[in-house]
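Asker: Below: one structure in structure tokens.
The values are calculated or read from the model by the stated rules, or taken from the named source; none is laboratory data. A quick note: this is a predicted structure, and the numbers were derived from the prediction, not measured. Glycine gets a Cβ as well: all are built from the backbone with ideal geometry, and neighbour counts include every protein chain shown. What goes into the accessible areas is simple: the full protein's heavy atoms, side chains included, and nothing from ligands, DNA or RNA. Shrake-Rupley method; radii C 1.70, N 1.55, O 1.52, S 1.80 Å.
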Amino acid sequence: MKASDYLDRLLGHRPDPCKTFRPPDRFSAGMDLADTHHTQGLVFPLRRLVQELCGVLRARDRGVQALQIQLHMADQEQETIHLNLRQVTRDRSHLMLLLRERLERLQLPCPVRHIILQADDFLPYASVQPDLLQDSNTQPQQDYSTIERLQARLGAESVQGL
């Protein structure tokens with residue numbers, strides 16, 4: 001590229017086609033913690049990380065169907081929690097409800113010093129507007145929240161359906 005060509009592009013006299021940047025369809029964020037001995041101490045940092053994830057999902061008009069939470073312990077061990085959903089979602093309260101259920105049955109062998117929330121695949125999200133005058137003959141959309149809560153509490157292998 002000649003110097004005059006470059007100057008013309010800088011000054012706006014010639015078009016300067018640039019490749020658009022598209023961030024990857026992944027999310028990963030973490031937090032350092034004071035030594036957290038109980039799972040209840042993980043709820044607040046998780047709430048902040050889930051809120052950040054949901055903001056990214058809304059900005060991209062996407063949703064997630066699987067999350068991973070990595071807990072880095074004080075003794076250099078690592079615990080990974082997998083959360084698999086039946087439907088694509090970006091609802092912060094629903095995700096936090098499922099994470100609380102999962103944390104209730106988790107036993108921490110030693111204090112947690114770092115937490116990471118990851119979502120590897122963003123999926124298309126179809127938001128459904130509630131019908132103002134719902135026809136009684138139409139079937140309601142299937143709700144998987146009860147199954148997801150039971151799976152979060154009892155384990156994915158324990159609950160397959162209602």
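Asker: Confirm whether residue 119 is under 30 Å from residue 60 (Cβ atoms), at pLDDT 90 or above and surrounded by 10 or more Cβ atoms within 10 Å (Cβ to Cβ).
Answerer: Working: under 30 Å from residue 60 (Cβ atoms): yes; at pLDDT 90 or above: yes; surrounded by 10 or more Cβ atoms within 10 Å (Cβ to Cβ): yes.
Against the criterion (under 30 Å from residue 60 (Cβ atoms), at pLDDT 90 or above and surrounded by 10 or more Cβ atoms within 10 Å (Cβ to Cβ)), residue 119 qualifies.
Asker: Working only within the range 13-35, note down all residues that are at pLDDT 90 or above and under 22 Å from the mean Cα position of the chain (by Cα).
Answerer: Within the range 13-35, 26, 27, 28, 29, 30, 31, 32, 33 meet the criteria.
Asker: Scan (1) of a type outside the set (A, V, I, L, M, F, W, C); (2) at positive phi; (3) without any contact (Cβ under 8 Å) to a residue 24 or more places away in the chain for the single condition residue 78 breaks and write down its number.
Answerer: In the conditions (1) of a type outside the set (A, V, I, L, M, F, W, C); (2) at positive phi; (3) without any contact (Cβ under 8 Å) to a residue 24 or more places away in the chain, residue 78 misses (2) alone.
Asker: Same structure again: Consider residue 143 carefully, then state whether it is open to solvent by 30 Å² or more (accessible area, probe 1.4 Å) and modelled with pLDDT under 90. Outline the logic, then answer.
Answerer: Numbers: open to solvent by 30 Å² or more (accessible area, probe 1.4 Å): yes; modelled with pLDDT under 90: yes.
The answer is yes for residue 143.
Asker: Of the numbered conditions (1) farther than 16 Å from residue 98 by Cβ; (2) open to solvent by 50 Å² or more (accessible area, probe 1.4 Å); (3) polar (S, T, N, Q), residue 51 fails exactly one; give the number of that condition.
Answerer: (1)
Asker: Being in contact (Cβ under 8 Å) with a residue 60 or more places away in the chain and closer than 23 Å to residue 145 by Cβ is true for just one of 53, 67. Which residue is that? Working first, answer last.
Answerer: Details: 67 fails: in contact (Cβ under 8 Å) with a residue 60 or more places away in the chain.
The match here is 53.
Asker: Sticking with this one: For the range 82-93, what are the residues that are open to solvent by 20 Å² or more (accessible area, probe 1.4 Å), touching a residue at least 40 places away in the same chain (Cβ under 8 Å) and in contact with a helix residue (DSSP H, G or I) (Cβ under 7 Å, 6 or more places away or on another chain)?
Answerer: 86, 92
Asker: Given the condition in contact with a Leu (Cβ under 7 Å, 6 or more places away or on another chain), part of a helix (DSSP H, G or I), surrounded by 15 or more Cβ atoms within 10 Å (Cβ to Cβ) and not polar (S, T, N, Q), answer yes or no: does some residue in the range 54-64 qualify? Walk me through it before giving the result.
Answerer: Within the range 54-64, the subset in contact with a Leu (Cβ under 7 Å, 6 or more places away or on another chain) is 62-64.
Add one more test, that the residue is part of a helix (DSSP H, G or I), and what stays is none.
No: the range 54-64 contains no residue that is in contact with a Leu (Cβ under 7 Å, 6 or more places away or on another chain), part of a helix (DSSP H, G or I), surrounded by 15 or more Cβ atoms within 10 Å (Cβ to Cβ) and not polar (S, T, N, Q).
Asker: Of the conditions (1) part of a helix (DSSP H, G or I); (2) modelled with pLDDT under 90; (3) among the hydrophobic types (A, V, I, L, M, F, W, C), residue 95 fails just one. Which one is it?
Answerer: Every condition holds for residue 95 apart from (2).
Asker: Can I ask one more? If you scan the range 3-28, which residues turn out to be touching a strand residue (DSSP E or B) at 6+ places or on another chain (Cβ under 6 Å) and open to solvent by less than 50 Å² (accessible area, probe 1.4 Å)? Show your work before the answer.
Answerer: Our first condition is that a residue be touching a strand residue (DSSP E or B) at 6+ places or on another chain (Cβ under 6 Å); within the range 3-28, this holds for 27-28.
Answer for the range 3-28, where residues must be touching a strand residue (DSSP E or B) at 6+ places or on another chain (Cβ under 6 Å) and open to solvent by less than 50 Å² (accessible area, probe 1.4 Å): just 27.
Asker: Something else: Within the range 29-46, can you find the residues that are open to solvent by 80 Å² or more (accessible area, probe 1.4 Å), in a helix (DSSP H, G or I) and touching a residue at least 40 places away in the same chain (Cβ under 8 Å)?
Answerer: Within the range 29-46, 40 is the sole residue that qualifies.
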